[in-house]
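Structure first, commentary second.
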Amino acid sequence: MQISACITTRNRTHKLDDCLKALWNCSVKPKSIVVSDDSPTLEVQKQNQKIVEKYPGTTYIIGPRRGVCANRNNAVNAVGESEADFVAFVDDDICVEPDFIGSAIKEYEKLPETQRKYTILSGISKFGDNDGALLPSRLNFQGYFQASDIPETVVIHAAIFPRHFFVEEQWDENIYFGYEDAELCLRAIKGGYKILPCSTLIVNSTIEESSTLYSPGIGAVSNYELHIEAARLYVGIKRYKNLSPNPFKLIAFVVFYFIHMTGYLLKKGAIQAWPEIIRRADIGKLWNPSSV
C-alpha cells in the first residue's frame, strides 16, 4: 500500500520546511508529496519552491488562490490515480509523528481488502504538551462539533483517505474556509464510506495567528470567525437540503441559526457583521446544481 501526502501552504515558508522534514523523516516514507502553494507573491513562491527542492520526491505546484478547498483539490488532482492507494492532507503548520505513515498502513492491513477502499482513517492532532488535542467527532443538529464514539468527521490534517474517493468527489470550493472537512465527510458517509478512529495516527499542530484569517474582521468579530460562521450556515443548509434532505430540519436549523447568531452579534456589538456573513456563505449556490 502506498500513501501520498498533499500539503497546502500560503505565506508560511518556515513552517513548510518543518512540515516536509517531518514527513520525509517518517520511518515509512510517503510515496510522494505534492505542495500546492497559494502564496500571492512571486518572492514567497520562489522561497517555497527552493525549500521543496531540498526534498526529492516532492512536487511543487502553484495554487489557484481561491481558498483552502480549491487548493486541496489542486494538490490531490496532481497525485495520479495509479500513483497512490491513499492520500493525506497535511497543512503546512503540521508536523507528523515518525510512525504516521507506518501506523496508517498497519491499520489498513487489519481490514479486509474490500473494506480498505471505503475506509477513512482519522487520527489525533495535538497542540503542545498540555493544550489538549483534536479528536474525530460529529456535527450536532446546530452544526457544532461534538464528541462521538462513532465519528462522522475527521481531524483533517491527521486523516487518510482512499485516493479513488477523489475521483468520485472533490472538496466543495464554495467553502472558502471552515467546516470543509465536515462537509466532505458527510458526502463520504452518504456514499458508503466509514470513518475509523486511529489513536496511533498522531500529528502536532501549532496555531499560526499571523495568518490573514486572524486579521481584524468587523467589530469584535474576527475575520476567522466570519469565515467559520459563514461556512457553518452554508454546510448546515446543504446538509438538510441536499445531503440528507429534511425540510423540517432545514427550517429548524435556519431559524435556530439566525436567532442564535443575532444574539451572538448583539453581545459582541457587531450586528453590522450580518451582511458579510451572508455574503461569504453564498447560500444561493445551493440552488444551482452545477455549483455543488
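Here are some notes:
- Considering residues of region 91-136 that are farther than 27 Å from Asp37 by Cα and of a type in the set (Phe, Trp, Tyr) only, the residue nearest to the chain's Cα centre (by Cα): Tyr118
- Counting only strands (runs of 3 or more DSSP E) that sit wholly inside region 140-225, those with at least 3 residues that are within 21 Å of Thr8 (Cβ to Cβ) and of a type in the set (A, V, I, L, M, F, W, C) are 159-162, 194-205.
- Only one of the numbered conditions (1) farther than 17 Å from Gln170 by Cβ; (2) within 16 Å of the chain's Cα centre (by Cα); (3) buried (at least 17 other Cβ atoms within 10 Å of the Cβ) is violated by Ala75, and that is (1).
- Of Arg116, Arg138, all but one fail to be assigned by TED's automatic domain parsing to the domain that holds Ser27, surrounded by fewer than 21 Cβ atoms within 10 Å (Cβ to Cβ), in contact with a helix residue (DSSP H, G or I) (Cβ under 6 Å, 6 or more places away or on another chain) and of a type in the set (Lys, Arg); the exception is Arg116.
- Filter pass, Tyr193 being more than 30 Å from Ala252 (Cβ to Cβ) and in contact with a helix residue (DSSP H, G or I) (Cβ under 8 Å, 6 or more places away or on another chain): no
- Reported count of residues in region 253-292, each being of a type in the set (Gly, Ala, Ser) and either touching a residue at least 60 places away in the same chain (Cβ under 8 Å) or crowded, with 16+ Cβ neighbours inside 10 Å (or both), is 4.
- So Thr41, is it under 24 Å from His227 (Cβ atoms) and over 21 Å from the mean Cα position of the chain (by Cα): yes
- Residue match in region 275-288 (condition: modelled with pLDDT of 95 or more, in contact with a strand residue (DSSP E or B) (Cβ under 7 Å, 6 or more places away or on another chain) and not assigned by TED's automatic domain parsing to the domain that holds Pro151): yes
- Region 235-249, subset within 20 Å of Phe145 (Cβ to Cβ) and of a type in the set (A, V, I, L, M, F, W, C), residue surrounded by the fewest Cβ atoms within 10 Å (Cβ to Cβ): Leu243
- Contacts under 7 angstrom Cβ, first residue in region 49-66 being over 13 Å from Thr9 (Cβ atoms) and in contact (Cβ under 8 Å) with a residue 12 or more places away in the chain, partner surrounded by 16 or more Cβ atoms within 10 Å (Cβ to Cβ) and of a type in the set (Asp, Glu), 6 or more apart: Arg66/Glu173
The values are calculated or read from the model by the stated rules, or taken from the named source; none is laboratory data. Values in this document were obtained by computation on a predicted structure and should not be read as measured data. Counting neighbours? That spans all protein chains shown, and the Cβs are built from the backbone with ideal geometry, glycine included.
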